[in-house]
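Asker: Sharing a structure with you now.
The values are calculated or read from the model by the stated rules, or taken from the named source; none is laboratory data. Quantities reported herein were computed from a predicted structural model and do not represent experimental measurements. Cβ placement follows ideal geometry from the backbone for every residue including glycine, while neighbour counts extend to all protein chains displayed.
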Amino acid sequence: MRRNGSEFLFQVFALIIASIIVHAIFVTVIRPNADAILQAQAAMQASGQTVVVERSLYVVLRDYEQEACFILMFWALSIMAFKAWQGRKERQFLQLDLLDISENSAIRVEDCDRLIDPLQRLPNEQQRYLLPRALLQALRRFGSSHTMADAATAVKEACETESDRLDAELAMVRYIAWAIPSIGFIGTVRGIGEALSQAHKAVEGDIVGVTVSLGVAFNSTFIALVISIVIMFFTHQLQLMQERLVLDTQDYCDTHLLRNLQLGQREQSPS
């Protein structure tokens, strides 16, 4: 519960900080420059000069839909960075010998309490990591059932549960990846609606308003789709890292624990 609470607080503060920073950039840099370009085009139109519509980056980014997309992008990236940092800390445990036994040493039932004790003395945060939990469950299951098959099942169940949990925790990122193109399409509808409302001006020769409105329609979708591609790339990279963590944990348990349980059983079987 404590881990989930801290992650929720991180997500809330990440959203607030992303909103403040992105809005500040739009208000102080992007919109003033975009308005200056559009005003220059309107002045040229009013003076009867030929208007050449510039495809400026400021104009492409100026609208509220693009601002919302960038806020959601940085929010999603911060969530994924937090999860990647957590995964990196857990992966460091795979470099440690948590059981503190020599290679190919037989682990018998009477050894379980001795091996469980150092795992239980880990800090609470580290006890929630996948590797200590999988080792604890396997040792406890082996100590109670005296069978290696139950220990292997315990490791498999712990890894499958962790895989499901990690996948479920990406629900917010997936929602953001879906919401960003939707916001872009909202901008498209708004821009086309504004352009249609100014169609009579275009007939009279004033095309600046219609051009700006159509720019809102196409620019918002363009930016939203580009950001969505970026978000999905990093989402798949994070999923790959998490899947490798689960698979490497299974391999660690098999190499350092389950094989030694088999050896212990073979030594006990002749008696």
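Asker: Need the failing condition index for residue 21 against (1) more than 30 Å from residue 254 (Cβ to Cβ); (2) within 27 Å of the chain's Cα centre (by Cα); (3) loosely packed, with under 15 Cβ neighbours inside 10 Å; (4) at pLDDT below 90, just the number.
Answerer: Evaluating residue 21 over (1) more than 30 Å from residue 254 (Cβ to Cβ); (2) within 27 Å of the chain's Cα centre (by Cα); (3) loosely packed, with under 15 Cβ neighbours inside 10 Å; (4) at pLDDT below 90 leaves (4) as the failure.
Asker: Here is a list: 79, 107. Which entry is at pLDDT below 85 and out of contact with any Pro (no Cβ under 8 Å at 6 or more places or on another chain)?
Answerer: 107
Asker: Checking the condition in contact with a Phe, Trp or Tyr (Cβ under 7 Å, 6 or more places away or on another chain), among the aliphatic types (A, V, I, L, M) and either farther than 29 Å from residue 71 by Cβ or at pLDDT 85 or above (or both), which residue from 99, 136, 170, 131 passes?
Answerer: Values: 99 fails: in contact with a Phe, Trp or Tyr (Cβ under 7 Å, 6 or more places away or on another chain); 136 fails: in contact with a Phe, Trp or Tyr (Cβ under 7 Å, 6 or more places away or on another chain); 170 fails: in contact with a Phe, Trp or Tyr (Cβ under 7 Å, 6 or more places away or on another chain).
Going through 99, 136, 170, 131 in turn, the sole match is 131.
Asker: Starting from segment 246-267, keep only residues that are surrounded by fewer than 20 Cβ atoms within 10 Å (Cβ to Cβ), then list their pairs with residues that are modelled with pLDDT of 85 or more and outside any helix (DSSP H, G or I) whose Cβ atoms are within a distance under 8 Å, requiring at least 6 positions of separation or different chains.
Answerer: The qualifying pairs are 248/94.
Asker: Yes or no: residue 188 of a type in the set (Val, Ile, Thr) and farther than 30 Å from residue 63 by Cα?
Answerer: no
Asker: Give the residues of segment 51-62 that are in contact with a helix residue (DSSP H, G or I) (Cβ under 7 Å, 6 or more places away or on another chain) and either assigned to a helix (DSSP H, G or I) or among the aliphatic types (A, V, I, L, M) (or both), sorted by residue number.
Answerer: Of segment 51-62, the ones in contact with a helix residue (DSSP H, G or I) (Cβ under 7 Å, 6 or more places away or on another chain) are 51, 53-54, 56, 58-62.
Once the filter is applied, which keeps residues that are in contact with a helix residue (DSSP H, G or I) (Cβ under 7 Å, 6 or more places away or on another chain) and either assigned to a helix (DSSP H, G or I) or among the aliphatic types (A, V, I, L, M) (or both), segment 51-62 yields 51, 53, 58, 59, 60, 61.
Asker: Looking only at residues that are among the hydroxyl-bearing types (Ser, Thr, Tyr) and at pLDDT 50 or above in segment 244-271, which one is nearest to residue 84 (Cα to Cα)? Can you show your working first?
Answerer: Taking segment 244-271 and keeping what is among the hydroxyl-bearing types (Ser, Thr, Tyr), we get 249, 252, 255, 269, 271.
Checking which are at pLDDT 50 or above leaves us with 249, 252, 255.
Working: 249: 16, 252: 20, 255: 25 Å.
The residue in question is 249.
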